[in-house]
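S.K.: The structure is given below, and queries will be raised subsequently.
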Amino acid sequence: MSETNLAEFDTKSPNDRIVMHVLYGLHTLAWFSGGIFAVVALIVNYVRRGEESDVLYIDHHNYMIQTFWWTLMWLVLLSPLWLLFIVPGMIAYGIVWLWYLYRCIRGWMRFNSQRPATSHPEL
């Protein structure tokens with residue numbers, strides 16, 4: 001007698017999609033909360049990614065996690081500009097903010113279309 005793989009029957013509920021939309025929303029609005037929304041969303045991304053079996057959802061969790069860490073790295077690397085010159089620091093942080101916003105909106109739109117966050121030929 002063969003074993004049944006329950007993962008094959010795992011289907012996504014509307015609640016799973018809602019959670020992903022909320023996570024994208026939190027990441028998108030992070031700048032207005034001083035980053036608190038992004039940290040909360042990041043924690044949920046890590047928890048949900050560990051429990052996930054759907055490749056599309058894992059890809060979007062990874063995308064949000066990578067976006068967060070890349071943004072944080074750039075903010076830390078560019079922080080000396082604030083100490084030396086205010087205007088270049090504002091410009092640099094503005095560029096990072098636009099990049100972060102672009103990534104969040106792009107990923108959210110791709111998720112809404114049920115496409116992977118990035119172009120993966122195998123997905």
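S.K.: Which helices of the chain meet both criteria: a Cα extent of 15 Å or more along the helical axis and a mean Kyte-Doolittle score no lower than 0.5, with helices taken as whole DSSP H segments?
M.R.: Both cut-offs are met by 36-51, 55-78, 86-112.
S.K.: On to the next question. At each listed q (0.15, 0.20, 0.22 Å⁻¹), what is the log10 of I(q)/I(0) that the Debye formula gives for the chain modelled as equal alpha-carbon point scatterers?
M.R.: These q points yield log10 I(q)/I(0) values of -0.72, -1.10, -1.26.
S.K.: With each pseudo-label sitting 7 Å past Cα toward Cβ, what's the Arg17-Tyr102 distance in nm, one decimal?
M.R.: Reported label-point gap for Arg17 and Tyr102 is 2.9 nm.
S.K.: Once you charge only the Cβ atoms, +1 for Lys and Arg and -1 for Asp and Glu, what is the size of the charge dipole of the chain about its Cα centre, to the nearest 20 debye?
M.R.: Around 580 debye, computed over the chain.
S.K.: If contacts are Cα pairs under 8 angstrom and at least 6 residues apart, what is the relative contact order of the chain in percent?
M.R.: The value is 26 percent.
Any read-out appearing in this document is the output of simple, stated calculations on the displayed coordinates, not a laboratory observation. Bear in mind that the values here come from a model prediction, so they are computed numbers and not experimental data. Neighbour counts are summed over all protein chains in view; Cβ atoms, including those assigned to glycine, are modelled from backbone coordinates with ideal geometry.
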